[in-house]
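No lab work stands behind these numbers, since they all come straight from the coordinates. From a predicted model like this one, the values you see are computed outputs, not experimental measurements. Note that we place each Cβ from the backbone using ideal geometry, even for glycine, and neighbour counts take in every protein chain shown.
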Amino acid sequence: MDNYINKKFVASYSGGKDSTLAIYRAIQKGMKPIGLITTYNTDRNRSWFHGIPTDLLNKISKEINIPIELIVTNGEMYRENFVSKLKSSREQGAEICVFGDIDIEGHLKWCTDVCIEAGIKAYFPLMYENRKNIVYEFIDLEFKSIITTVDNSRMSNSFLGKILSRDIVNEIEKNGADICGENGEYHTFAFDGPLFSNPVQFSTEEIIHVDNYSTLPIK
């Protein structure tokens, strides 16, 4: 698909830096967002993976002026419910689903497969690009994001609460973790930048430690 201008899309939105940059790039290509879809963990009452509560998702939707729809699901029904939401999005006019995945083959295959099943095209704006270039681009565009989760087996939880900057991501790389966190070394919450009318207001709670992971909850 070479001509993206005016193509209507939904995006798989985690709230993190990569999905945010993917959405931004899609819009820059002339594509038209009709909605974002976020998987919501019924066991935790927060979004899957990035742990964003519904009130905060509503604030994001207001500031970026794009509707956010939840896929409310447990782990067992995750794929089935994701496909169902994609089918619904297609019926509402979406031709494409945008994903922020970069180069982990299992992720790319899963996203492509669910789109095929739903009859919609998968599009990966960041696919196979240099990870350092991607995170630098996000920062240089003046997006703002905070580190909310770290894998303690691969990087220090002292990075929790840090706002991404070139200095911070270079320090992450120096400590032996992937600079982009593509392997799950860290997760972020993007709260300001070119997509946002105003910064999303949020607060943080006490750090939670579960297994190898430390999380700074946001609300």
**Q.** Of the GluC sites (Glu not before Pro) in the stretch 25-82, those whose Cβ has at most 14 other Cβ within 10 Å and which sit in DSSP loop
**A.** 76
(Q) Compute the distance from the alpha-carbon center of the stretch 139-164 to that of the stretch 68-106, in whole Å. (A) 26
Q: Report the net charge of residues surrounding residue 215, where surrounding means a beta-carbon distance below 12 angstrom and charges are Lys +1, Arg +1, Asp -1, Glu -1.
A: -2
Q) DSSP beta bridges in the stretch 93-199, what fraction antiparallel, as a percent rounded to 5? A) 70
Q: Measure nothing but the geometry: give the 0 to 90° angle between the long axis through the Cα atoms of 105-118 and the longest principal axis through the Cα atoms of the chain, rounded to 10°.
A: 30
Q | Spin-label model distance (nm) - residue 173 vs residue 213, 7 Å beyond Cα toward Cβ | A | 2.6
Q) Going down the table (8/59; 8/144; 109/144; 109/132; 87/132; 8/162), which pairs top 31 Å between alpha carbons? A) 87/132; 8/162
Q. For the peptides 101-111, 82-92, what is the packing order when you average, over each peptide's residues, the other Cβ atoms within 10 Å and list the highest mean first?
A. 82-92, 101-111
Q) Considering only DSSP beta bridges with both partners in the stretch 1-136, what is the antiparallel share in %, to the nearest 5? A) 10
Q) Scaled to the compact-protein estimate 2.2 N^0.38 Å, what is the alpha-carbon radius of gyration of the stretch 72-163, rounded to two decimal places? A) 1.33
Q) Any idea how far apart residue 156 and residue 6 come out in nm if each label point goes 7 Å out from Cα toward Cβ? A) 5.4
Q) Which GluC sites (Glu not before Pro) in the stretch 154-219 pass both tests, a DSSP loop state and at most 12 other beta-carbon atoms within 10 Å? A) 205, 206
(Q) Kirkwood hydrodynamic radius, the chain, all distinct C-alpha pairs: what's the number in Å? (A) 17.5
Q) Using a simple charge model, +1 on the beta-carbon of Lys and Arg, -1 on the beta-carbon of Asp and Glu, nothing else, what dipole does the chain show about its Cα centre, in debye to the nearest 20? A) 620
Q) Relative to the present Cα-Cα distance, how much length would full extension add between residue 201 and residue 88 at 0.36 nm per residue of separation? A) 37.6 nm
Q: Using the Kirkwood radius over Cα pairs, work out the Stokes-Einstein diffusion coefficient for the stretch 8-123 at 20 °C and 1.002 mPa s, in µm²/s as a whole number.
A: 152
Q: Taking the dipole about the Cα centre of the stretch 34-133, with the C-beta of Lys and Arg at +1 and of Asp and Glu at -1, give me whichever of 38, 114, 61 is farthest to the positive side.
A: 61
Q. So what's the back-of-envelope 222 nm ellipticity for the chain, counting only DSSP H runs of four-plus at -39500 (n - 2.57) apiece and dividing by all residues, rounded to 500?
A. -10000 deg cm²/dmol
Q: Any aspartates and glutamates with Cα under 13 Å of the residue 62 Cα? List them, leaving off those in the same chain fewer than 8 positions away.
A: 192
Q) By a straight-distance test (C-alpha under 12 Å), which aspartates and glutamates pair with residue 85 as possible cross-link partners, with residues fewer than eight away in the same chain excluded? A) 69, 117
Q. How compact and how long is the stretch 143-215, expressed as Rg and Dmax of its alpha-carbon atoms in Å?
A. 12.5, 37
